[in-house]
Amino acid sequence: MKNSSFRLSEIVDRLGGRIIGNPGTEVFQVATLEKAGQGQIAFLANAKYRKQLEASRAAAVIVAEADAELTGLPRIVADDPYSYFAKLSALLNPLPVVPPGIHPTAVIGVGAVIAPDAHIGAHVSVGAAARIGAGTVVMAGCVIGERTTVGAQGQLYPNVTIYHDCVIGRNVIVHSGAVIGADGFGIAMDEGCWLKIPQIGRVVIGDQVEIGANTTIDRGALDDTVIEEGVKLDNQIQIAHNVRIGAHTAIAGCVGIAGSATIGRYCRIGGAAAILGHLQIADNVEIASFTLIGKSITEAGSYAGIFPFSKNDEWRNTAVHLRHLGELAKRVKTMEQEIRSLKGEQV
Amino acid sequence: MKNSSFRLSEIVDRLGGRIIGNPGTEVFQVATLEKAGQGQIAFLANAKYRKQLEASRAAAVIVAEADAELTGLPRIVADDPYSYFAKLSALLNPLPVVPPGIHPTAVIGVGAVIAPDAHIGAHVSVGAAARIGAGTVVMAGCVIGERTTVGAQGQLYPNVTIYHDCVIGRNVIVHSGAVIGADGFGIAMDEGCWLKIPQIGRVVIGDQVEIGANTTIDRGALDDTVIEEGVKLDNQIQIAHNVRIGAHTAIAGCVGIAGSATIGRYCRIGGAAAILGHLQIADNVEIASFTLIGKSITEAGSYAGIFPFSKNDEWRNTAVHLRHLGELAKRVKTMEQEIRSLKGEQV
Amino acid sequence: MKNSSFRLSEIVDRLGGRIIGNPGTEVFQVATLEKAGQGQIAFLANAKYRKQLEASRAAAVIVAEADAELTGLPRIVADDPYSYFAKLSALLNPLPVVPPGIHPTAVIGVGAVIAPDAHIGAHVSVGAAARIGAGTVVMAGCVIGERTTVGAQGQLYPNVTIYHDCVIGRNVIVHSGAVIGADGFGIAMDEGCWLKIPQIGRVVIGDQVEIGANTTIDRGALDDTVIEEGVKLDNQIQIAHNVRIGAHTAIAGCVGIAGSATIGRYCRIGGAAAILGHLQIADNVEIASFTLIGKSITEAGSYAGIFPFSKNDEWRNTAVHLRHLGELAKRVKTMEQEIRSLKGEQV
């Protein structure tokens, strides 16, 4: 399991940047400034961790130009140490090679097309006429519905479920427990009972999307639910039917997005936020954690709406006054009139 | 996969309503007003979509009596276009016929009783003495616990887990990843450690219930957790032990309901709301999304409690003042006294 | 399925306490005061249920010293009736004995070590070099990653997924649908696309931990995510990478904890609360349900921040005034100056 080692000189040949110090320094793993030791390379993305850089016993570090002289350690100077570190970590930690082939316990439906170099794990079910792309890894216990397509170089972790007729792009990662293509929540009241509205749309997911553990993405009611390329979804996100999420938007865990909401490109949505249905959110909108978005946002920017927490007693006191805020506002208005009157002004 | 076509005359024979225009018009699918084309029928449920009706290229539409003359397209006039559309869509999109039988990879416990026309999919486990009703479909990877009963005509999507000794009614739909009957969160502190309280109740689910993907319903601590008939649960809902949900209540995604809460009939609970434990909610209560219900609601009506979102800076400003709301109220009181004093009134 | 019966005298021999009434009274099951009947023992943990004690038809009850004379029923007097009840329920309701052995449909990777008395259920996958401890039960459909260790006497309910290289302690219970060790949400923006940061840490879980259904615990980015001994996690909790949760902390359902947050020991976190990343929460902190913790808490105590709910109209009115709270505060300040001026004070 030990990673291969790379010399700093080999690293900059592949990823760019310039070396200060011994270019023959070998590293095999990334680590934090505090924990890095022999053979490990750390990074400084924020000058506030300077103290930790000083104390670091890393074999080498990645720093920005401005911080190049903060350390005497062998170092790579990069434009953006954090993304450089991401690339280097991917180089040092390649995904394990999984042997191609279909496990004998897997069940493959009639007419399903599995690329010869795909990996289909134990106890996987692939529905009739489904397609699994080149190099894609489908781990144990996954269930792929009929006529669903999973693009090339995908990675489906164990126990993922994808319903029928969905389309998953290339290089898509789906973590365990995620459910793609379940019925949207479509019901109509009729004589005291809810009628189910068949959900006949699909889920269509673009390339380079990552979907977190236990996240759910419902199929469309009539049209499709669409996740555009490069979207990154954390765990336990709920995406309702007919939502559209613009390319390269990143959404943190536990967010809920109601039906037919349209989210722009390059948005960033904090954890446990919620977005009501039939809204439009512009591109480049940032939404704070734990904020309910109850109407459309047409302008890029940062938005929030969070009740500040405090000690229980203070909170109770605030909450009581909040309940009477309308009355307080009225009393203020009355006083303003009275003061004008006292000053002899015409009220 | 192409649906069967129906003439409008055949449709009204089955579902009621009256036709204006050519009763021989054939449709095979439902669609939105915008997207509907040849062979597709759309609906107008809300007059605000009138513009889309005018531009629609649908083969036919479903309209209310009041809107009957808004279009020249062949149309069905119905009392409630939306529920009519739901019924028509169910007619045009029947669930795929699944062949009865037990997949050879399924594992069936001793004494389990599977109806001859039930479908047990690949890699399913059915516990000892469990019962699966007539026509019920249990898809790949589901696990049904010992002595659990699933009623007739049920539909369990892949990777559903139902623990032992639960009772599921007829015509129940459970989506992937749902977990029914896990232990409730029952712990008691004892000498610095939490003791687990065995959860010996069951989950009992009525007929016609639908349960969304990755929703969890815990078994009761002593008595049962009960979901009455016709309840509709969206995805990622958490229902704690000993909750009771009244018939025909509909709950949107990401809602959490704490232990021993009792929810009435015909309630509607918005997404990401939360309900504390040991509360009673009356029938016909509507709760807004993202609202915490912290005490019982005895009266039907609509309830909400959401911090309004705004641009980050404005929110911060509001939050700061909110923290000092108690002081603000005191200052207002002081001023009222001072004004009375200035006016020569007895303070 | 009928439990064994115990005489009160046998019970106090094992669990302590003293008997008032017939020590030969036999009980086989615990129940609530309302429902308990023949052979069932109930408990009174809170004097407010005294009425129910009076009406109870239980065979026996557990009461505190102070309440010992509130009933004439045979009774056990215990220091803490609730934890006594927990122990007694565990005595009366032992976990079903599961036969040791590996189900023939299970798939065991090369070099995996399964204790001879462990139970590996149907359709389980155990990765190469994984280890399953003595007496541990791994139920149907679970997937255990390569090199992951599960300690002795564990209980993994069906369809649990644990990724590679994780460490699970002794006596750990994991409920269905839980996902342990999925990648943390680590991304870096680079030329308009998100780069994935490999998540090379592990999840390390201490002894006596319980993890609820569909809860997710992400692996660390560089260092580990750590759940210390005795922690109790309810359902649908999301724990991000590099979180550390102190021993014996209990967290209710639907809570989200963002990356690198450190939670103290013996904390209690209410349902649907959320904790932002890179925070420290002291020991013995109690957090109310539905509260966002946006900064560190250094002092033990109870904290909350919840918008109080009300009828929809009242809420709207409050929300409108809340949006103008800053202006209201300014108007109050202005008036205070005017009043001072009217009173002839120097402004």
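Let's see how each residue does on (1) in a strand (DSSP E or B); (2) within 14 Å of chain A (Cβ to nearest Cβ); (3) not charged (D, E, K, R):
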| residue | (1), (2), (3) |
| --- | --- |
| B:Trp194 | yes, no, yes |
| B:Gln199 | no, no, yes |
| B:Val204 | yes, no, yes |
| B:Asp207 | no, yes, no |
| B:Asn214 | no, yes, yes |
| B:Leu222 | no, no, yes |
| B:Val226 | yes, no, yes |
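For the stretch C:233-256, enumerate the residues that are in a strand (DSSP E or B) and buried (at least 24 other Cβ atoms within 10 Å of the Cβ).
Taking the stretch C:233-256 and keeping what is in a strand (DSSP E or B), we get C:233, C:238-239, C:244-245, C:250-251, C:256.
Selection gives C:Leu233, C:Gln238, C:Ile239, C:Ile245, C:Ile251, C:Gly256.
Among the criteria (1) more than 26 Å from A:Gly186 (Cα to Cα); (2) outside the structural domain of B:Asp117 (by TED's automatic domain parsing); (3) of a type outside the set (A, V, I, L, M), the one B:Asp80 does not fulfil is (1).
For A:Phe6, indicate whether it is over 28 Å from the mean Cα position of the chain (by Cα) and touching a residue at least 24 places away in the same chain (Cβ under 8 Å). Don't jump to the end; show me each part of the working.
Details: over 28 Å from the mean Cα position of the chain (by Cα): yes; touching a residue at least 24 places away in the same chain (Cβ under 8 Å): yes.
In short, yes.
Being outside the structural domain of C:Lys48 (by TED's automatic domain parsing), of a type outside the set (Phe, Trp, Tyr) and touching a residue at least 24 places away in the same chain (Cβ under 8 Å) is the requirement here; does C:Gly72 meet it? Spelling it out, it is not the case that C:Gly72 is outside the structural domain of C:Lys48 (by TED's automatic domain parsing), of a type outside the set (Phe, Trp, Tyr) and touching a residue at least 24 places away in the same chain (Cβ under 8 Å).
Within the stretch A:126-158, if we keep just the residues that are among the aliphatic types (A, V, I, L, M), more than 8 Å from every other protein chain (Cβ to nearest Cβ) and more than 17 Å from A:Gln208 (Cβ to Cβ), the residue that is surrounded by the fewest Cβ atoms within 10 Å (Cβ to Cβ) turns out to be A:Ala128.
Looking only at the stretch C:294-311, which residues are more than 22 Å from the chain's Cα centre (by Cα) and closer than 17 Å to C:Val255 by Cα? The answer is C:Lys295, and nothing else. The listed residues are B:Gly121, B:Gly109, B:Gly101, and the only one of them that is modelled with pLDDT of 95 or more, more than 10 Å from chain C (Cβ to nearest Cβ) and more than 29 Å from A:Ala221 (Cα to Cα) turns out to be B:Gly101. Within the set A:Lys295, A:Lys311, A:Lys343, the sole residue that is in contact with a strand residue (DSSP E or B) (Cβ under 8 Å, 6 or more places away or on another chain) and basic (Lys, Arg) turns out to be A:Lys311.
Count of the stretch A:31-60 residues, restricted to those that are out of contact with any Phe, Trp or Tyr (no Cβ under 6 Å at 6 or more places or on another chain), under 20 Å from C:Asp224 (Cα atoms) and among the small types (Gly, Ala, Ser), is 6. For the residues C:Gly186, C:Gly135, the requirement of being closer than 21 Å to A:Thr216 by Cα and in contact (Cβ under 8 Å) with a residue 12 or more places away in the chain singles out C:Gly186.
Would you call B:Ala329 of a type outside the set (Val, Ile, Thr) and outside the structural domain of B:Gln199 (by TED's automatic domain parsing)? Reasoning before the result, please.
Values: of a type outside the set (Val, Ile, Thr): yes; outside the structural domain of B:Gln199 (by TED's automatic domain parsing): yes.
Yes; evaluated as a whole, the condition is true for this residue.
Every test in (1) at pLDDT below 95; (2) touching a Gly at 6+ places or on another chain (Cβ under 9 Å) is passed by B:Pro74 save one, and that test is (1). Inspection of the stretch C:267-277 finds a residue satisfying the criterion of being over 19 Å from the mean Cα position of the chain (by Cα) and farther than 23 Å from B:Leu276 by Cα. Taken over the stretch A:159-208, the residue count meeting the criterion of being aliphatic (A, V, I, L, M) and surrounded by 24 or more Cβ atoms within 10 Å (Cβ to Cβ) is 12.
The number of residues in the stretch A:25-42 being of a type in the set (A, V, I, L, M, F, W, C), touching a residue at least 40 places away in the same chain (Cβ under 8 Å) and at the interface with chain C (Cβ under 10 Å from one of its Cβ atoms) comes to 1.
Within the stretch C:292-332, if we keep just the residues that are hydroxyl-bearing (Ser, Thr, Tyr) and assigned to a loop (DSSP other than H, G, I, E, B), the residue that is nearest to A:Ser289 (Cα to Cα) turns out to be C:Ser296.
Would you check if there is a residue in the stretch A:170-177 being closer than 30 Å to B:Asn46 by Cβ and assigned by TED's automatic domain parsing to the domain that holds A:Arg131? If you could, list the steps in order and put the result at the bottom.
If we filter the stretch A:170-177 for residues that are closer than 30 Å to B:Asn46 by Cβ, which is where we start, we get none.
Looking through the stretch A:170-177, none of the residues is closer than 30 Å to B:Asn46 by Cβ and assigned by TED's automatic domain parsing to the domain that holds A:Arg131.
Looking only at the stretch C:264-290, residues that are closer than 17 Å to A:Gly253 by Cβ and crowded, with 20+ Cβ neighbours inside 10 Å come to 8 in all. Across the stretch C:297-347, which residue is surrounded by the fewest Cβ atoms within 10 Å (Cβ to Cβ) among those that are more than 10 Å from chain A (Cβ to nearest Cβ) and among the small types (Gly, Ala, Ser)? So the residue we want is C:Gly344. The residues in the stretch B:8-39 that are in contact with a Gly (Cβ under 8 Å, 6 or more places away or on another chain) and farther than 17 Å from B:Ala86 by Cα can be counted, and the count is 3.
Every residue, every condition in (1) among the polar types (S, T, N, Q); (2) within 30 Å of C:Asp117 (Cα to Cα), yes or no:
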site: C:Arg7; (1), (2): no, no
site: C:Gly16; (1), (2): no, no
site: C:Ile19; (1), (2): no, no
site: C:Ala45; (1), (2): no, no
site: C:Gln52; (1), (2): yes, no
site: C:Leu95; (1), (2): no, yes
site: C:Pro100; (1), (2): no, yes
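Among the residues making up the stretch C:267-291, a single one is outside any loop (DSSP other than H, G, I, E, B) and over 21 Å from C:Asn242 (Cα atoms): C:Glu286. Go through the residues of the stretch C:241-250 one by one and say whether even a single one is more than 9 Å from every other protein chain (Cβ to nearest Cβ) and either within 23 Å of A:Val209 (Cβ to Cβ) or in contact with a Leu (Cβ under 6 Å, 6 or more places away or on another chain) (or both). The answer is yes; a qualifying residue exists.
The values are calculated or read from the model by the stated rules, or taken from the named source; none is laboratory data. Remember, predicted model here, so these are calculated numbers, not experimental data. Using ideal geometry, Cβ is built from the backbone for each residue, glycine included, and neighbour counts are taken over all protein chains shown.
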